[in-house]
Amino acid sequence: MSVLVTGGAGYIGSVTTDALLRSGETPVVIDNLVYGHREAVHSDVPFYEGDIGDKELVGKILSEHKIDACMHFSAYAYVGESVEDPKKYFANNVVQTVRLLDVLLEHNIKYFVFSSTCATYGEPQYVPIDEAHPQQPTNPYGWSKLMVEQILRSYDTAYGLRFAALRYFNASGATDTHGEDHEPETHLIPLVLYNALGRIPNISIFGTDYPTPDGTAIRDYIHVSDLADAHILALNHLRNGGTSDAFNLGNGSGYSVQEVIDAARRVTGREINAVRSPRRAGDPSRLVANAEKARAILGWQPKISDIEAIIETAWKWHTRMTD
Ligand code: UDP
């Protein structure tokens, strides 16, 4: 059976599409290329350019391929933009997803793996954060993802749609062929590496007065290929009769912004010009996953957990891209 991958031309979607291919699956990609890159989709994979809310197109794809599952990556994911222009986020991340689900249900597709986020938790009440932590997002992006989680719960009860909501912490790193290439880029690791490459004059450290050992914010960085593995395990869990559930995907260890910059100095051997700057609005001080549930139920075991090893993969990819 084939797997429909929405957003398969994006960062995590393209890495997972390759992982699906390697594990003997036959992925089919739909992506509107607003943020995705056509060349990121393996040439063996059927590709459809268009919106996931285009019911005619999705219906056509489902008629042309024997599909039993959907991995849903496509979404807008800029937290700051979601605060300034929430209607864009609810229209795309929620309304378009409802339209996609309508067509999947019409075609009796029963398995759905959803790209959710630790942003659904909001300001942490305790760390590490487990799946039972209250979900109170602090921005429309997080709300849009939480709304879809709730829709999936209702659809499971009413229509028997089995889902896994995968709550990513900080996706990072690269494979030999795919890396992080957002336009605009707002994420810490690629920006630090752009600075090492001389593409930007400096990197701002957003907040140096957090209640953390060095005053900078702590995040849980998880390698994109480990995320891809978790999607395949989640798909198999559902296909094997597993119940719908939410899973945190993180390493369970936190690194501060300062530690990431120091690690990048060691990996690249280059100077990094970091400028102490005010906090970015809405940034919690510390987000670290308790991902025991994914380990216990899915058998997930992240392979690249050291921050230097993660940055190393990203550095290789960025230097190759600029050669
Ligand atoms: N950050 C930073 N400077 C930047 C970009 C990010 O100091 O130019 C910090 C950000 O405030 C957060 C961490 O790096 O504490 C990770 O941010 P990123 O945007 O990569 O991911 P997020 O945690 O927001 O999903």
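Descriptive notes on the structure:
- Surface accessible to a 1.4 Å probe, per residue, for the residues of segment 1-113, Å²: 43
- Rg over Rh, two decimals, segment 25-181 (C-alpha only, Kirkwood Rh): 0.96
- Sites ASP214 and ARG270, calculated FRET efficiency, Cβ-Cβ separation with R0 22 Å, nearest 0.05: 0.55
- Inverse of mean 1/r across different Cα pairs in the chain, Kirkwood, Å: 19.9
- Taking every protein chain into account, the 1.4 Å probe leaves ARG99 with about 100 Å² of accessible area, to the nearest ten.
- With a threshold of 18 Å on the Cα-Cα distance, the over-threshold entries among LYS88/LYS145; LYS87/LYS145; LYS66/LYS145 are LYS66/LYS145.
- Note on ALA309 and TYR194: their simple-model spin labels are 2.8 nm apart, each label 7 Å out from Cα toward Cβ.
- In the chain, a dipole from Cβ-located charges (positive for Lys and Arg, negative for Asp and Glu) runs towards its positive end, and of ASN139, SER14, THR243 it is THR243 whose Cα lies farthest in that direction.
- Per residue, the solvent-accessible area of segment 148-285 (1.4 Å probe, heavy atoms of protein chains only, all protein chains present) comes to 40 Å².
- About the centre of its Cα atoms, the chain shows a dipole size close to 320 debye [charges on the beta carbon of Lys, Arg (+1) and Asp, Glu (-1) only; nearest 20 debye].
- Looking at segment 196-299, the DSSP beta bridges with both ends there are about 25 percent antiparallel.
- The heavy atoms of GLU312 present about 70 square angstrom of accessible area, all protein chains included, probe 1.4 Å.
- Over the chain, dividing the summed -39,500 (n - 2.57) contributions of all DSSP H runs of at least 4 residues by the number of residues returns a 222 nm mean residue ellipticity of -11000 deg cm²/dmol.
- Estimated at 0.36 nm per residue, the fully extended path between GLN136 and ARG279 surpasses their Cα-Cα distance by 49.4 nm.
- Using 0.36 nm per residue and subtracting the Cα-Cα separation, the extra length available between HIS37 and MET321 on full extension is 100.8 nm.
- 3J(HN,Hα) along segment 287-296, derived from phi through the Karplus expression 6.51 cos²θ - 1.76 cosθ + 1.60 where θ = phi - 60°, amounts to 10, 9, 8, 9, 10, 4, 5, 5, 5, 6 Hz, with x in place of Gly and Pro.
- Label zone at ARG295, where the point sits 7 Å out along the Cα-to-Cβ direction: segment 303-323 residues whose backbone N lies under 16 Å: 303-306
- Taking every DSSP beta bridge that has both ends in the chain, the antiparallel portion is near 5%.
The values are calculated or read from the model by the stated rules, or taken from the named source; none is laboratory data. Please read these numbers as outputs of a predicted model, since none were measured by experiment. Cβ atoms come from the backbone with ideal geometry, glycine included; neighbour counts cover every protein chain shown. These area figures cover heavy atoms from the full protein model, side chains too; ligands, DNA and RNA do not enter into them. Shrake-Rupley method; radii C 1.70, N 1.55, O 1.52, S 1.80 Å.
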